[in-house]
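Everything below concerns the one structure shown next.
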């Protein structure tokens, strides 16, 4: 095996996310400043909804007080069940379907949205038990939910989202304007 | 001599008048004397015409067996009856012969065709030595290896409708002959066709056995577009029988038509369909002869030495990724040797495109579709294996052998219980020392809860599966790398165990080492399945 190559790649080496996923972003979700979402789309079309690094929950040392997948009286994302290869029975989500509400210890509440159309496969129950995962590993173990877009929409669902490059421009602009003010 | 009795006469009369060919007449007389079907159709026709015009012959014919030879000379005078009867017979026969002759001529002139209303020409045009030679030639051209063959005949479904119509036409007469006879006693077109043709084809193919069960099938198919609409009325009388299915071109399959005919009352049938059936203007069309040899199964074990070779062709959105695949590299020389039309590849699990399979390799089996060659010696198999191995250094094959279909199931059964060994090159985020790894060497039978990896979730059901890592071993490389040896239950996802799959595999290597870990390389060291058996020289 090619050890030489591996040795000096420990920091540059592409991570699991780099290798298999494309990052897509939604900035200022629902017009709320900085509430950025990041969608990781696997080459097999499966999408993982995560918080973008710039999301307010991950800023200023905020701590999480509670995570609630009960998005209305009648609907809890925790009740989502899929069965079989075809994932029958999963809740079908549209771009602006709320996935969960996260309350921080400073009493700020944030709603995390689906951002893409598709069938909800699972929500991350591990963050209920260990909310710190969300803060420490927002783009891996601290994911919010897994969504399977319709086969025929797997390309088009990301049309409304920003690419990594576009999102970085948004961040740069944001940084510039905050300096100005 | 035709094996007919006086009571057959009305049946013969009615069917000939309706436009049935002589062989179909014999069929409806329910005679299973094969020799009667084998004689030329026109000759039988003459005999039948003579038969219905002469009472005397009828009564004598059952006992006079040796007459079969003499009647070839044609003409009723040649019949070798005792002299006492002969005069009378001659008298009658000659008297009727002229009348009989005129009837025949009339038929030829009046009717535009002689195509049989029951078999649509199958037992007329397609049922003689010339046709047998053609079928045999088509078989020979394909150069199959076979010891015996089975002849299969596919007939247009409307033949069932016509058969039923003919049956209703003569039902009363047949019943008068013998009460116990039913429609099932009528000799089937297929059956009569085989009685005539099997022997002829066998002879043409140098005496090969034509049997009822064989590995090699020769299919003869007939169609008759002109009368396809014969079946249509059944759809309205019995709509339940004709449900459209995905793979069928037409809902009027033979099975469906038979079922519908079974349900319909005679009264309803006769209301919608003429009895006897209308005369067709031309005979059936014979499709190309289809030869099919039963599948042959090849097994072996393969190594994969390349990290950019998928096991099977990798196609995304109709676009091919990677130029080759394990199965194609193995199959190409095998298809040439066995002259097969195609193959189905299966194996005991599969490795990812970037994973190598070392050691004794992974068991695989291959179904060869329609192999033209089937007798390949062990020596030739060995040569074939060498050809495969010489063709690419990306793969290697061993224990290549011919196996039975049943044996291939050995590969899949208990697949989950088998163990597999792997070596993984693992990266750690935090710097490690030799001692940090040693605890893993002592871990035995670690049970994992693996949620279906995101990597395969699009095609597998979401579930949490318990898999056991029987043992682990570690080999330190440097501060951020080590080799991990694993012996696991088959079905364990190794990559996900190492990187954790977003925490969806529990426990995982990240948790064991309390740092992020990732997998850089993976090799399958062994697939512990004791099949196929080792091939020794």
Problem set entry | chain B, relative contact order in percent, only Cα pairs under 8 angstrom and at least six apart counted | 13
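Output the peptides B:234-241, B:374-381 sorted from most to least packed, where packing is the average of other Cβ atoms within 10 Å over each peptide's residues. Could the numbers behind the result be given before it?
Numbers: B:234-241: 16.0, B:374-381: 13.4.
Per-residue Cβ counts within 10 Å, averaged per peptide and sorted highest first, yield B:234-241, B:374-381.
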Seminar exercise, completed: Between the alpha carbon centres of the range B:436-469 and the range B:374-404 the gap in Å comes to 36
Problem set entry | Average beta-carbon neighbours from other chains, 10 Å sphere, peptide B:477-484 | 3
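Please state the shape class of the protein assembly as shown: rounded when a/c is under 1.5, otherwise prolate if a/b exceeds b/c and oblate if not, all from the C-alpha gyration tensor. Each step should come with its number before you reach the end.
Working: a/c = 4.05, a/b = 2.33, b/c = 1.74.
Cα axes put the protein assembly as shown in the prolate bin.
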Exercise. Over the range B:418-527, what is the mean sequence separation of C-alpha contacts under 8 Å (at least six apart), divided by residue count, expressed as relative contact order in percent?
Worked result: 41
For this session: Could you state the angle between the C-alpha long axis of helix B:9-18 and the longest principal axis of the C-alpha atoms of chain B, as a value from 0 to 90 degrees rounded to the nearest 10?
Result: 70
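For A:142-150, what's the mean count of beta carbons from other chains sitting within 10 Å of each residue's beta carbon? Provide the component values of the computation, followed by the final result.
Details: counts 2, 4, 0, 0, 6, 0, 3, 0, 0.
Taking all residues of A:142-150 together, the mean is 2.
Return a whole-number percent for the relative contact order of the range B:376-464, with Cα pairs under 8 Å and 6 or more residues apart as the contact set.
Details: 23 pairs, mean separation 12.4, N = 89.
Averaging sequence separation for qualifying contacts and normalising by length gives 14 percent for the range B:376-464.
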For this session: Please determine, in degrees from 0 to 90 and to the nearest 10, the orientation of helix B:326-338 with respect to the longest principal axis defined by the Cα atoms of chain B, where the helix direction is its Cα long axis.
Result: 30
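In deg cm²/dmol and to the nearest 500, what is the mean residue ellipticity at 222 nm of chain B if only DSSP H runs of at least 4 residues count, each as -39500 (n - 2.57), divided by the residue total? Could you put the intermediate results ahead of the total?
On the way: 19 runs with 198 residues, N = 537.
Helix-only estimate at 222 nm: -11000 deg cm²/dmol.
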Problem set entry | Among beta bridges that DSSP assigns inside chain B, antiparallel share in %, nearest 5 | 85
Exercise. In the Gaussian network model of chain A, springs joining C-alpha atoms below 10 Å, which of A:109, A:129, A:35 carries the largest mean-square fluctuation?
Worked result: A:129
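Let me confirm one metric for peptide B:455-467, namely the mean number of other chain beta-carbon atoms within 10 Å of its residues' beta-carbons.
Details: counts 6, 2, 11, 11, 2, 2, 7, 11, 2, 0, 0, 0, 0.
Across the residues of B:455-467, the mean count of other-chain Cβ atoms within 10 Å is 4.
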Exercise. Between the range B:487-537 and the range B:253-281, what's the alpha-carbon centroid distance in Å?
Worked result: 64
Problem set entry | Ranked by how many other beta carbons lie within 10 Å on average, peptides B:161-170, A:62-71 from highest | B:161-170, A:62-71
For this session: Note the angle between two axes, namely the Cα long axis of helix B:254-263 and the longest principal axis of the Cα atoms of chain B, as a number of degrees from 0 to 90, rounded to the nearest 10.
Result: 60
Exercise. Any idea how far the Cα center of the range A:63-114 sits from the one of the range B:174-191, in Å?
Worked result: 73
Exercise. When you count, for each residue, the other Cβ atoms within 10 Å and take the mean per peptide, how do B:520-533, B:439-452, A:44-57, B:308-321 rank with the highest first?
Worked result: A:44-57, B:520-533, B:439-452, B:308-321
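Bear in mind these aren't lab numbers, they're just calculated from the coordinates by the rules spelled out. All figures in this text were calculated on a predicted structure; none of them were measured in a lab. Counting neighbours? That spans all protein chains shown, and the Cβs are built from the backbone with ideal geometry, glycine included.
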